[in-house]
Amino acid sequence: NAGVTQTPKFRVLKTGQSMTLLCAQDMNHEYMYWYRQDPGMGLRLIHYSVGEGTTAKGEVPDGYNVSRLKKQNFLLGLESAAPSQTSVYFCASSQRLSGTANYGYTFGSGTRLTVV
Amino acid sequence: AQKITQTQPGMFVQEKEAVTLDCTYDTSDPSYGLFWYKQPSSGEMIFLIYQGSYDQQNATEGRYSLNFQKARKSANLVISASQLGDSAMYFCAMREDNTGNQFYFGTGTSLTVIP
């Protein structure tokens with residue numbers, strides 16, 4: 001059982017280049033999320049999706065786009081990379097929220113992106 | 001206002017001793033969940049423990065326990081009998097059940113266990 005798989009694990013981009021990060025989950029989870037982690041700032045939500053074909057903005061969406069064409073995949077795109085987007089990116093998924101059940105996140109292993 | 005506040009950027013604890021990592025939260029949603037995650041130097045996020053807002057008893061998972069004080073809006077993580085492998089970043093997180101589907105994370109506490 002792979003859980004949540006992120007590709008690639010590392011990437012170096014030049015300013016202005018574009019790229020797509022792929023997140024794939026095999027747990028049939030409804031919800032998927034993209035976070036970025038920066039030193040001293042914890043994890044901040046970029047975009048999220050509550051189901052196939054739906055996406056929504058999180059706390060720091062500027063400069064990113066997402067798509068969820070298939071339930072198991074959630075793509076994060078950078079159209080024109082900037083040095084401020086140097087960060088570690090985490091994908092996560094969870095079951096549909098219901099009451100106070102322990103529906104925590106399952107995280108991917110992260111993507112370390114450097115924009116020079 | 002910050003949803004999750006972790007005021008201890010770094011903590012040290014002697015091996016085999018207990019340590020408490022602080023977390024306070026802010027919500028007006030009566031139904032919510034509180035989580036702690038561990039992030040070792042390898043980078044992955046590991047779920048440790050969960051506390052629901054309606055749970056009457058403090059959650060425990062092995063050497064981890066969550067000291068839940070609802071009136072004070074605090075959810076401190078207690079690690080008993082610290083081990084060298086406990087050295088890591090620890091994140092407190094909250095999920096509001098009625099106002100969205102996202103988690104809010106604190107800025108983390110770096111724990112170092114000293115032999």
>> Exactly one condition in (1) closer than 25 Å to B:Ile46 by Cα; (2) open to solvent by less than 20 Å² (accessible area, probe 1.4 Å) is false for A:Gly77; which is it?
In response: (1)
> Among (1) without any contact (Cβ under 8 Å) to a residue 12 or more places away in the chain; (2) under 12 Å from the mean Cα position of the chain (by Cα), where does B:Gln102 come up short?
Replying inline: (2)
>> As an exercise: evaluate B:Tyr54 against (1) within 13 Å of the chain's Cα centre (by Cα); (2) at pLDDT below 95 and give the number of the one condition it does not meet.
In response: (1)
> All but one of (1) within 9 Å of chain B (Cβ to nearest Cβ); (2) open to solvent by 20 Å² or more (accessible area, probe 1.4 Å); (3) within 29 Å of B:Thr109 (Cα to Cα) hold for A:Ala92; which doesn't?
Replying inline: (2)
> Taking the stretch B:76-98 as the search range and keeping residues that are open to solvent by 50 Å² or more (accessible area, probe 1.4 Å) and within 11 Å of chain A (Cβ to nearest Cβ), which one is nearest to the chain's Cα centre (by Cα)?
Replying inline: B:Met89
> Within the stretch B:28-47, how many residues are within 14 Å of chain A (Cβ to nearest Cβ) and either surrounded by fewer than 20 Cβ atoms within 10 Å (Cβ to Cβ) or farther than 21 Å from B:Ile4 by Cα (or both)?
Replying inline: 10
> Mind checking whether some residue in the stretch A:53-74 is under 17 Å from B:Glu44 (Cβ atoms), basic (Lys, Arg) and either surrounded by 13 or more Cβ atoms within 10 Å (Cβ to Cβ) or in contact with a Leu (Cβ under 8 Å, 6 or more places away or on another chain) (or both)?
Replying inline: no
>> Which count do you get for residues in the stretch B:51-74 that are open to solvent by less than 80 Å² (accessible area, probe 1.4 Å), under 21 Å from A:Thr106 (Cα atoms), part of a strand (DSSP E or B) and not hydroxyl-bearing (Ser, Thr, Tyr)?
In response: 3
> Can you name the condition, by its number, that B:Thr107 falls short on among (1) under 22 Å from A:Gln95 (Cα atoms); (2) at the interface with chain A (Cβ under 8 Å from one of its Cβ atoms)?
Replying inline: (1)
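The values are calculated or read from the model by the stated rules, or taken from the named source; none is laboratory data. As the structure is a computational prediction, the values presented were derived from the model and not from experiment. Please note: Cβ atoms are built from the backbone with ideal geometry, for glycine as well, and neighbour counts cover all protein chains shown. Accessible surface areas use protein heavy atoms only, side chains included; no ligands, DNA or RNA. Shrake-Rupley method; radii C 1.70, N 1.55, O 1.52, S 1.80 Å.
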